[in-house]
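**Q** This structure is in structure tokens; I'll ask about it shortly.
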Amino acid sequence: MFFPLRKVLGHAVSLSKFPVRTLRHSHPVLGLAALKGRHLLTLKDFDGEEIKQLLWTANDLKIRIKQKGEILSLMQGKSMAMIFEKRSTRTRISTETGFSLLGGHPCFLTTQDIHLGVNESRKDTARVLSGMTDLILARVYKHSDLEQLAQDGTIPVINGLSELYHPIQILADYLTLQEHFGSLNGLTVAWIGDGNNILHSLMMSAAKLGMHLHIATPKVSSDDRNILVLNISCGTKLFMTNDPSEAANGANVLVTDTWISMGQEEEKLERLKAFQGYQITLKTGKFAAPNWAFLHCLPRKQEEVDDAVFYSPRSLVFQEAENRKWTIMAVMVSILTDYAPLSEMPRF
């Protein structure tokens, strides 16, 4: 059943009444949060300063390695288990090459190599991998599988994607926007598409960085409602609608994603019908702010965004894709070491 979000949740929701969870701990370098040993299952568990620190570290690694050509063997002697129940281009390549570039050894495990909870229980898998590797990155169908790996293992777990969240994609999006606009605070992001794991990760984190969020989806799911209740803010606004033009109004950033995720192929015709009018075009951009830019986590399909936008100077999609590497490297370095960035902290 499809029904307007605004009739369920209201036109605009101010989230300033929700308190921000502070999860900062002491770090050997004064003023930095201690992220070493933490899991990254959802950005809900990270406050704004901790997210900024991850982005600062990504920017620092990009400068030191890409621009200055430094060799940083920060993962020397460490190994990582990469569990992939879902195929991927950007997640696999960014993680595997990034960990190797830092001197570590990534172990890629597909469903042909490891079946979570099938040939061996999730609990036993977590304990075995904890004894052999230093880190687990898992790209799974069920978010509960990640939670069990984190609960039963003794090493950090990174969410490479689940049905609820995709935090490492959102970090790359934020780094891209920070590079493009010079700051994140005050930006308005318009999500036009499905109520999926990427949207949920945006809802869990954008407000912590002072960003406003406009959302246009054909329907609201129970997951969307739960995420809304959990969302926390620093006085920013969340606006929800079924009208893409309303969501785009005044936005600095237009974002979309696939309308048909892996496992939803049988729903293709029904979903394409539901998303009629949601394609992002230059006409959509006429409602946005004059400086609007476009993001898409890829792979992209024509019905989601036309070529005139996707290949235009406003499109940041390939910079966004590259930043998947620098942000996942920052996450791995931050949770396995006491790394402190050397470059000046960007303006957020």
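**Q** Semi-axes of region 121-200's equivalent ellipsoid from the Cα gyration tensor, sqrt of 5 times each eigenvalue, largest first, rounded to whole Å?
**A** Here the semi-axes work out to 31, 15, 8 Å.
**Q** Moving to a separate point now. Place +1 on the Cβ of every Lys and Arg and -1 on the Cβ of every Asp and Glu in the chain, take the dipole about the Cα centre, and give the residue among V29, C107, T327 whose Cα lies farthest towards its positive end.
**A** V29
**Q** Would you kindly state how much longer the chain becomes between T337 and D152 on full extension, computed as 0.36 nm times their sequence separation minus their alpha carbon distance, in nm to one decimal?
**A** Contour length minus the Cα-Cα distance gives 64.4 nm.
**Q** Just how much of L101 is accessible, in Å², when a 1.4 Å probe is used and the result is rounded to the nearest 10?
**A** About 80 Å², ignoring ligands and nucleic acids.
**Q** A further question follows. For the pair D45 and S73, what calculated FRET efficiency results from E = 1/(1 + (r/R0)^6), where r is the Cβ-Cβ distance and R0 = 25 Å, to the nearest 0.05?
**A** So the FRET efficiency works out to roughly 0.30.
**Q** Something else about it: Report the residues of region 182-208 in range of a label on K237: point 7 Å along Cα→C-beta, backbone N strictly under 16 Å from it.
**A** Answer for this model: 186-191, 207.
**Q** Something else: Which residue, K123, K273, K325, tops the fluctuation ranking in a GNM of the chain built on C-alpha contacts under 10 Å?
**A** K273
**Q** Counting helices only, and only those DSSP H runs with n ≥ 4, report the 222 nm mean residue ellipticity of the chain as the sum of -39,500 (n - 2.57) divided by its residues, in deg cm²/dmol to the nearest 500.
**A** Using -39500 (n - 2.57) per qualifying helix, the result is -10500 deg cm²/dmol.
**Q** Between L74, V118, N59, whose Cα lies farthest towards the positive end of the dipole of region 37-144 when Lys and Arg beta carbons carry +1 and Asp and Glu beta carbons carry -1, centred on the Cα centre?
**A** In region 37-144, that residue is N59.
**Q** In addition: Can you pull the accessible area of E267 for me, 1.4 Å probe, Å² to the nearest 10?
**A** Only protein atoms counted, so the area is about 80 Å².
**Q** Given charges of +1 on the Cβ of Lys and Arg and -1 on the Cβ of Asp and Glu, with all other atoms neutral, how large is the dipole of the chain about its Cα centre, in debye to the nearest 20?
**A** The calculated dipole for the chain is roughly 560 debye.
**Q** Give me Rg over Rh for region 141-188, both radii from the alpha carbons and Rh done the Kirkwood way, two decimal places.
**A** 1.16
**Q** Can you bin region 69-182 into rounded, prolate or oblate? Criterion: square roots of the alpha carbon gyration tensor eigenvalues sorted a ≥ b ≥ c, rounded for a/c under 1.5, prolate for a/b above b/c, oblate for the rest.
**A** Oblate.
**Q** Suppose we keep just the alpha-carbon trace of the chain; what are its Rg and Dmax in angstrom?
**A** 19.6, 55
**Q** Under 8 Å for C-alpha pairs, at least 6 residues apart: give me the relative contact order for region 181-222, rounded to a whole percent.
**A** Value for region 181-222: 53 percent.
**Q** May I pose another question? Over the chain, with every protein chain in place, what whole percent of the accessible area is carbon and sulfur at 1.4 Å, could you tell me?
**A** C and S atoms contribute 52 percent here.
**Q** A follow-up question, please. Counting only DSSP beta bridges with both residues in the chain, tell me the antiparallel percent, nearest 5.
**A** So the antiparallel bridges in the chain amount to around 10 percent.
**Q** Can you tell which of P299, F318, I280 lies farthest toward the positive end of the dipole of region 277-321, using +1 and -1 charges on the Cβ of basic and acidic side chains (Lys, Arg; Asp, Glu)?
**A** So the residue furthest toward the plus end is I280.
**Q** Only loop residues by DSSP count here, and only those with at most 11 other Cβ atoms within 10 Å; note down the trypsin sites (Lys or Arg not before Pro) in region 64-97 that meet that.
**A** Qualifying residues, ordered by number: K68, R87.
**Q** Quick one, could you list the DSSP H helices from the chain stretching 18 Å or more along their long axis (Cα atoms) with average Kyte-Doolittle hydropathy of 0.0 or above?
**A** Going by DSSP H runs, the hits are 167-181, 317-336.
The values are calculated or read from the model by the stated rules, or taken from the named source; none is laboratory data. Since this is a predicted model, take the numbers as computed values, not measurements. Note that we place each Cβ from the backbone using ideal geometry, even for glycine, and neighbour counts take in every protein chain shown. Ligands, DNA and RNA are excluded from the accessible area calculation, which covers all protein heavy atoms including side chains. Shrake-Rupley method; radii C 1.70, N 1.55, O 1.52, S 1.80 Å.
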